[in-house]
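Some notes on the structure that comes next.
The values are calculated or read from the model by the stated rules, or taken from the named source; none is laboratory data. Worth saying up front: this structure is predicted, and the values here are computed from it rather than measured. Backbone-built Cβ (ideal geometry, glycine too); neighbour counts: all protein chains shown. The accessibility values were calculated without ligands, DNA or RNA, using every heavy atom of the protein model including side chains. Shrake-Rupley method; radii C 1.70, N 1.55, O 1.52, S 1.80 Å.
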Amino acid sequence: METKDNRLPTQAQVVIIGGGVIGISTAYHLAKLGWKDVIVLERRQLTSGTTWHAAGLIVTGGFASETLLTMAHYTRELYKNLEKETGISTGFKPVGYVQIAGSESRLRALRRNASFVRAFGVTVDEISPTEFKKLMPIADPTGVAAGFYTPEDGRANPVDVTMSLAKGARNHGARIFENTEVIGISKKRGRVTGVVTAQGEIEAEYIVNCSGMWARQIGNMAGVDIPLQAAEHYYLLTEPIQGVTPDLPILEDVDRFAYYREEVGGLMLGLFEPVAAPWGMKGIPKDFTFGEIQPDWDRMMPYIETAMERIPALKTAGIRKLFCGPESFTPDMTMLLGEAPELQNFYVAAGMNSLGILLGGGVGQVLAQWIVDGIPPVDVSEVHINRMLPFQNTPRYLQDRTVEILGMMYKEIFPNSQLKTARNARKSILHERLAKAGAWFGSSAGWEYPEWFAPEGVEPKVEYSWDRQNWFEYHAVEHKACREDVILMDLSLMSKLLVQGRDAESILNRISTRNIAMPVGRIAYTEWLNERGTIEADLTVTRLAEDRFMVISSDAIHRRVETWLNRHIPEGAHATVTDVTSAYAMINVQGPKSRQLLSRLTHADLSNAAFPYMTMQEIDVHYARALAFRVTYLGELGYELYIPTEFAPTVYDKLMEAGQDLGVKNAGLQALNSLRVEKAYRDYGHDIDVTDTPLEAGLEFIVDFNKPGGFIGKEALLKQKQAGGLKKRFVQFLLEDPDPLLYYGEQIYRNGKWTGYLRSGSYGFTLGGAVGLGFIEAEENITPEFIRNSKFEIEMNGRKIPAKASLHPMYDPKNEKIKN
């Protein structure tokens, strides 16, 4: 690659490591935003890692995430038009994209996806088996229930895409250096300062790790965990086949783990087999350039034969090659993007899970804007690298999980689906007791947690479907017990951070919307905002002593919260942050009889006057001393008991024993979800995220605009408040038909027009129907009157169902149950 100056610079504003499509796209977008001092370092040649052998599918259908769909759509439009700017074609051809369903459940899933992407402007037509046959004359339509056709999608040439982006990057001032291997990362006081190469050192304000399957090794140089693992990835190339033309649409038959596209008159048959093979467990070789892996014909033949049944001509076609090349996959099949929690200004864009070309333009655009602004332009909850934990970067964990992850690309994902590999990484001390009680376990952040409990004598197992699954009635019993009696819920997985020191109050007050200068024993539900006024975290802060606080958040945002807190402690301040998550088990005692139950095991006065809502006391519970928080996420009178781990089993046993006549029951997180959705309690990363403000989310009541010293984001939030009225607001919905279920992503219609989509949903057993939470947007201010005068419908499975809507919780709107 030629540059204006072939000498390696000694300093730069940004150094991007990796010359694949992701690194070059990031450079292009940074340079286009006006950052001219951008350089790319490629260890060998551009595209020589995994980009060169990508299949080049450029599709937008099938995404159930707004963020990923936005990235895919942007990428497609960029590749369509980039040649006009650079003079180099990306090879994009809009040949169309067809997904087919071979079962009723798959048809339901594809209809949901089609409904979702249509709302964002993507054309997807449901087609009959006959119409499918017309589009794909060489295919056998046997067993096809329906297809979904996206005519504007297509394919591109991965190398051409990268070279066109590289030309655009250079045109805007970026420089690209090939044959320049990074051998070290420089850092100081928690911030990256540069890179070390064989040719010399480069000081830099920002480093961006876009090194693909080498990203984990580059991360190790910087002390940053980047959990991804390469796996064998296959496609078969045939000799020319009669009837195959360059305009043949891309076909995905996910029930056969396969995709098909034209390749030089023949077909490329790509596979995402359900049981994969990790590769490079001892590290990716440095000299692996334009490399291939010896294919395992014996392992792959059963999958190849299954895939050939869809296109019979494959059975007699000449085979040019069974290609096997590595692709990197992450533990949850979603990319790793953003600033590393361990090191400031060290950004990552890796772990594309075989979608690097498909998402490459969008990834580069989002990351570049994120670096420039310091705040991401889209919701990054599902892709931010800070969702990952250090244990997920252990070789054994990655090896075990990768076996399953590659196949997840085409696996049928139902509500409540759980991964099966690399399980039992983290267990609550109550795990065995809960298992004996009939728990069915899910996994989150490595924690095993009870989803629901089977009745005595019934084996806990799941029969997956899009309708009421076999555990639905068990869930209903737990929900009812919380509303009418009392339940115990193990929430030991909750993140618990101890913040101590004489400056702890002032630090927490600066980053919290609530006033943290409160009496000892008070609990503050609060938000942490960025300078744009949007939400970085949603949590509680409890004052344990004058100089000691407990920050409680969900397990899913543990590192996000911990990182944000640590990075807002000024240099020289007297404050420390200690992760005490494992030190305390948390037993949630909730329901109208919770006070009665807990009173049987403590000498503390639990009366409303002595122990009011949103306060904390250290109390005795049987033999233990526990931090008892009178707080709820379920909408009932209740207490969260933070118990030193070694005491928790005994406390649990005694609570169960003492509550038998009160109807005490175990409850899982499915009940937590249905209970909190009825109460319209928000869940960060699902209902609210970094693109929303507290005002839009209906959370102004936890914002103290008048507290001394203000808070981060106050000015932006004040500006929104003073503008008067909101055209985007958080709304709760209740289906008027009691039979359907809601999950996520269902479309919201107001007076027949699309106005948003549900962020989460569950069945509201108390309210008598499925309940959903989501944001709606309008051209006028959204007021209670606006809601009352509107007709709302929720689209699901191809039909629109009338729904009631409210800006306030439909269950106990005056909070009478939780405060008495």
Are there GluC sites (Glu not before Pro) in the stretch 1-86 that DSSP marks as loop and that have at most 16 other Cβ atoms within 10 Å, and which are they?
2
Non-local residues with an amide H under 5 Å from the amide H of residue 344, with H modelled 1.01 Å from N and Pro and chain starts lacking one, are 191, 192
GluC sites (Glu not before Pro) restricted to the stretch 433-475 and DSSP loop, no more than 14 other C-beta within 10 Å:
456, 463
Could you list the chymotrypsin sites (Phe, Trp or Tyr not before Pro) in the stretch 686-725 that lie in coil according to DSSP, counting only those with at most 12 other Cβ atoms within 10 Å of their Cβ?
705
Which of 41, 508, 551 sits closest to the plus end of the dipole of the chain, meaning its Cα is farthest towards the positive end, when Lys and Arg get +1 and Asp and Glu get -1 on the C-beta?
508
Rounded to the nearest angstrom and ordered from largest down, what semi-axes does the equivalent ellipsoid of the stretch 675-820 get from its C-alpha gyration tensor (root of 5λ)?
27, 18, 13
Per-residue ellipticity at 222 nm for the chain, helices alone: DSSP H runs ≥ 4 residues times -39500 (n - 2.57), over residue total, nearest 500 deg cm²/dmol?
-7500 deg cm²/dmol
Using the Kirkwood radius built from alpha carbon pairs, what does the Stokes-Einstein equation give as D for the stretch 366-412 at 10 °C and 1.306 mPa s, in µm² per second?
121 µm²/s
Under a Cβ-only charge scheme (Lys and Arg +1, Asp and Glu -1), can you give me the dipole magnitude of the chain about the Cα centre, in debye to the nearest 20?
1020 debye
What do you get for Rg/Rh of the chain when both radii come from the Cα atoms and Rh is the Kirkwood radius?
0.97
Tell me, what is the FRET efficiency for residue 777 and residue 205 to the nearest 0.05, using R0 = 41 angstrom and their Cβ-Cβ distance as r?
0.65
More than 18 angstrom separation, counting every C-alpha pair in the stretch 629-713; what % is that?
64 percent
Additional length obtainable on full extension of the chain from residue 418 to residue 140, 0.36 nm per residue less Cα span
96.8 nm
Please give the per residue accessible area of the chain, computed with a probe of 1.4 Å over protein heavy atoms only, in Å².
38 Å²
Cα-based Rg / Dmax (Å) for the stretch 257-321
14.2, 41
Evaluated over the stretch 500-576, the Cα radius of gyration and Dmax, each in Å:
11.6, 32
Gain in span if fully extended, residue 599 to residue 264, counting 0.36 nm per residue against the direct Cα distance
113.0 nm
Please state the equivalent ellipsoid semi-axes for the stretch 67-181: what are the square roots of 5 times the Cα gyration tensor eigenvalues, largest first, in whole Å?
36, 15, 13
In this model, which of 593/791; 480/654; 480/819; 679/800; 187/719 are farther than 29 Å apart at the alpha-carbon?
593/791; 187/719
Over the alpha-carbon set of the stretch 1-109, work out the extent along each principal axis and list the three values in angstrom, largest first.
60, 27, 26
Charge context of residue 295, other residues only, Cβ under 12 angstrom, K/R +1, D/E -1:
-2
Taking the mean number of other Cβ atoms within 10 Å as a proxy for protection, how do you rank 722-729, 176-183 from highest to lowest?
176-183, 722-729
Listed residues 378, 418, 294: farthest to the positive end of the dipole of the stretch 272-425 (Cβ charges):
294
17 Å Cα-Cα reach of residue 753 towards aspartates and glutamates, excluding residues that sit fewer than 8 places from it in its own chain
777, 779, 780, 793, 795
How much of the accessible area of the chain, in percent, comes from carbon and sulfur atoms when a 1.4 Å probe is used?
49 percent
Would you mind counting up the charge near residue 203? Only other residues with Cβ under 13 Å from its Cβ, with Lys and Arg at +1 and Asp and Glu at -1.
0
Relative contact order for the chain: what is it in percent, counting Cα pairs under 8 Å that are at least 6 residues apart?
11 percent
Pop out the ³J(HN,Hα) list for the stretch 614-629 in order, Karplus 6.51 cos²θ - 1.76 cosθ + 1.60 with θ = phi - 60°, rounded to Hz; leave Gly and Pro as x.
6, 10, 10, 9, 8, 10, 8, 9, 6, 8, 9, 9, 10, 7, 9, 9
For the stretch 132-195, what value does the Rg/Rh ratio take when both radii are computed over Cα atoms and Rh is the Kirkwood radius, given to two decimals?
1.33
Within the stretch 134-171, what residues put their amide N at less than 18 Å from the label point 7 Å along the Cα-to-Cβ vector of residue 178?
158-171
The stretch 61-114, Rg to Rh (Cα coordinates; Rh as Kirkwood inverse mean 1/r)
1.13
Determine one quarter of the surface area of the Cα convex hull of the stretch 456-592, which equals its mean projected area, and express it in nm² to one decimal.
11.6 nm²
If we sort 43-52, 495-504 on the protection proxy, mean other Cβ atoms within 10 Å, highest first, what's the order?
43-52, 495-504
Pairs of alpha carbons in the stretch 217-359 whose separation is greater than 25 Å (percent):
38 percent
Thinking of the stretch 147-294 as a set of Cα atoms, what percent of all their pairs are more than 26 Å apart?
49 percent
